[in-house]
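Shown next, in C-alpha cells, is the structure this report addresses.
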Amino acid sequence: MVGYCIWFTGLSGSGKSTIAEKLLEKLPNISITILDGDVVRTHLSKGLGFSKEDRDTNILRIGFVASEIIKHGGTVIVAAISPYLETRNKVRAMVEDNHGVFIEVWVATSLEECIKRDVKGLYAKALSGEIKEFTGISDPYEEPKDAEIVIFTTDFSPEECAEKVLDCLNAVRNLFGDT
Ligand code: ADX
C-alpha cells in the first residue's frame with residue numbers, strides 16, 4: 001500500500017494551514033494525520049526556536065513522523081514554513097525511501113501580501129524588530145524549484161486551492177490504483 005505525504009511550504013500566514021484544513025474536509029473517507037508547524041511546536045518540537053539549526057530539527061522531526069506514517073501506507077498532510085530547500089529535499093528523500101509519494105505544495109503568497117494580511121500580527125512585530133529571525137523579514141525563505149504544485153492564494157479561494165491539490169492527489173492515487 002502506497003503512502004502519501006502532502007507537504008505545504010510557504011511563508012508564515014501564506015495560507016498553508018487554511019488550505020490543508022480545506023483539503024482534509026474534501027477527503028472524508030481517508031484517515032489522515034495533519035502535522036501543522038504551529039501545533040507540532042507545542043508538543044514534539046516544544047522549546048525549539050527559529051535558528052536554522054532549530055528549524056531544521058523541527059522539520060526533520062516532522063519528516064520522521066511523516067515517513068513512519070508513510071511506511072504503513074498512511075496519508076499525512078504537513079503544513080510548516082520549512083524554509084530551507086536542502087532540508088525539504090531531505091524529508092522528501094525520507095518519504096520516498098519508505099516508498100511513499102511526496103507532493104510538495106508551495107503556497108506562493110508573496111511577502112507583500114502576507115504583510116498586508118498579517119493575520120497573527122507577527123509581521124508588524126518582526127518589522128519593528130520585536131521578533132527576531134522572522135521568515136521573509138530577518139530570516140530567509142528559499143523558494144522551491146521543483147514543487148509539484150504552486151498555489152496563488154490571491155487569485156483563488158482556499159476552497160479552489162484545496163481543489164487543485166485534491167486533483168493532483170487523485171491523479172497520483174489513480175496511477176497507483178488507489179480509489
Ligand atoms: S519552520 O520554519 O520551523 O518550518 P513552523 O512552520 O514550525 O516554522 O512555525 C512557524 C510559525 O511559528 C509561524 O506561522 C508563526 O506563527 C510562528 N513564529 C514565531 N516566531 C517566528 C519566526 N521568527 N519566524 C517564523 N515563524 C515564527
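Only one of the numbered conditions (1) surrounded by 22 or more Cβ atoms within 10 Å (Cβ to Cβ); (2) free of Cβ contacts under 8 Å to residues at least 60 places away in the same chain; (3) closer than 15 Å to Pro144 by Cα is violated by Thr87, and that is (1).
Please specify each residue of segment 57-73 satisfying the condition of being surrounded by 18 or more Cβ atoms within 10 Å (Cβ to Cβ) and either in contact with a Lys or Arg (Cβ under 7 Å, 6 or more places away or on another chain) or closer than 21 Å to Ser14 by Cα (or both). Scanning segment 57-73 gives Asn58, Ile59, Ile62, Gly63.
When the residues of segment 82-114 are narrowed to those that are more than 16 Å from the ligand (Cβ to nearest atom) and of a type in the set (Val, Ile, Thr), which ends up farthest from Asp54 (Cα to Cα)? It comes out as Val101.
Among the residues of segment 94-114, the ones that are over 11 Å from the mean Cα position of the chain (by Cα), of a type in the set (A, V, I, L, M, F, W, C) and open to solvent by less than 40 Å² (accessible area, probe 1.4 Å) come to 5 in all.
What tally of residues in segment 15-63 results from selecting those that are under 26 Å from Phe156 (Cβ atoms) and part of a loop (DSSP other than H, G, I, E, B)? Of the residues in that region, 6 qualify. Taken over segment 159-174, the residue count meeting the criterion of being farther than 28 Å from Glu86 by Cβ and open to solvent by 60 Å² or more (accessible area, probe 1.4 Å) is 5. Pairs linking a residue in segment 130-154 that is within 15 Å of Gly15 (Cα to Cα) to a residue that is open to solvent by 30 Å² or more (accessible area, probe 1.4 Å) and in a strand (DSSP E or B), with Cβ atoms under 6 Å and 6 or more positions apart or on different chains, are Val150/Trp106. The residue that is most open to solvent (accessible area, probe 1.4 Å), counting only those in segment 1-34 that are on the phi > 0 side of the Ramachandran plot and in contact with a Lys or Arg (Cβ under 8 Å, 6 or more places away or on another chain), is Gly13. Here is the figure for segment 115-152: residues that are in a loop (DSSP other than H, G, I, E, B), open to solvent by less than 60 Å² (accessible area, probe 1.4 Å) and more than 15 Å from the ligand (Cβ to nearest atom) total 1. Residue count for segment 35-44 under the criterion of being within 7 Å of the ligand (Cβ to nearest atom) and open to solvent by less than 80 Å² (accessible area, probe 1.4 Å): the result is 3.
The values are calculated or read from the model by the stated rules, or taken from the named source; none is laboratory data. Since this is a predicted model, take the numbers as computed values, not measurements. As a convention, Cβ positions derive from the backbone with ideal geometry for all residues, glycine included, and neighbour counts pool all protein chains shown. Surface accessibility is based on the protein's heavy atoms, side chains included, excluding ligands, DNA and RNA. Shrake-Rupley method; radii C 1.70, N 1.55, O 1.52, S 1.80 Å.
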